[in-house]
1. To the nearest µm²/s, what D does Stokes-Einstein give for the chain at 4 °C and 1.567 mPa s, using the Kirkwood radius over alpha carbon pairs as Rh?
2. Would you please put 120-126, 72-78 in order of how densely packed they are, using the mean number of other Cβ atoms within 10 angstrom per residue and starting with the highest?
3. Run the simple label-point estimate for GLN170 and GLU69 please: 7 Å along Cα→C-beta, distance reported in nm.
4. Residues with amide H under 5 Å of ILE139's amide H, sequence separation 5 or more or different chain, H placed in the peptide plane at 1.01 Å from N; which?
5. Between TYR207 and ALA147, what is the spin-label point distance in nm, taking each point 7 Å from the Cα along the Cα→C-beta axis?
6. Could you give me the percent of Cα pairs per 10 Å distance bin for region 25-132, shortest bin first, beginning at zero and ending with the bin that holds the maximum distance?
7. Divide by every residue of the chain the summed helix terms, -39500 (n - 2.57) for each DSSP H run of at least 4, and state the resulting mean residue ellipticity at 222 nm, rounded to the nearest 500 deg cm²/dmol.
8. Between ARG50 and TRP114, what is the label-to-label distance in nm when each label sits 7 Å out along the Cα-to-Cβ direction?
Amino acid sequence: MIFGVLNQKGGVGKTTLSVNLAASLTRAGARVLLIDADPQGSALDWAAAREGDPLFSVAGFPRPSIHKEIGQIGHGYDHIVIDGPPRVTDLARSAIMAADIVVIPVQPSPYDIWAAEEVVKLIEEARIYKENIKSVFVINRKITNTAIGRDVREALAAYPVPVLQAVITQRVIFAEAAAHGQAVFELDANGPATAEVEAVATELMGYAQ
Ligand code: ADP
Ligand code: MG
């Protein structure tokens, strides 16, 4: 399965979700490749910050030919997660064309809800060439018991893209784990952040079937 984690808005949690999704799939026993398609190379930085053995393979490929080369790059892997770039439209378009499912992290903020229009448009355009692209929103950095945390699902319903039932809450552990090139499960295997990531991964696998 090829997951394209995309949103042209920066800071929404693409890299955070990408590394933790890749980690979760790895933990379940799959051979996973994380492709860093962001010229900024945050996923590569994450991998470089790590001490000891890598959890999964990470490869930098910030070029708009991912969709043409994915077969070759991803050969031998069960799952590929593409950590998408902000802004750069030709890269995002290529990552969408490469993906079986486009996963769009959005924060519970009106700015994020408005900005999501851009990636939704790109997906609609890509459907002309690739009819069966799936897409889904994942709410990230939800702040518990806030009105905006509840309203975001309703606001996103205006788009022709479903919203994952599982959400990721705002938690310091995501940044703490990233600082050492780790996934949250490595810091707190039985904690709430790990449980949320697992729920997202399980639901995504269901969507992807
Ligand atoms: P993007 O790749 O979309 O630019 P990042 O994954 O780099 O976004 O996230 C931006 C910042 O927000 C990072 O500092 C990251 O640690 C933090 N962050 C992302 N998701 C969460 C979360 N659920 N809880 C706390 N911090 C988060
Ligand atoms: Mg990023």
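Taken together, the values in this text are just the output of simple stated rules run on the coordinates, not laboratory data. The model shown is predicted, which means the values in this text are computed figures rather than measured ones. Every residue, glycine as well, gets a Cβ built from its backbone with ideal geometry; the counts of neighbours run over all protein chains shown.
1. Value of D from the Cα-based Kirkwood radius: 77 µm²/s.
2. 120-126, 72-78
3. Each label point is offset 7 Å from its Cα along the Cβ direction, giving 3.9 nm.
4. VAL106, LEU164, ILE168
5. 2.8 nm
6. Distribution as computed: 14, 42, 34, 10, 0 percent.
7. -13500 deg cm²/dmol
8. Inter-label distance under the simple model: 3.8 nm.
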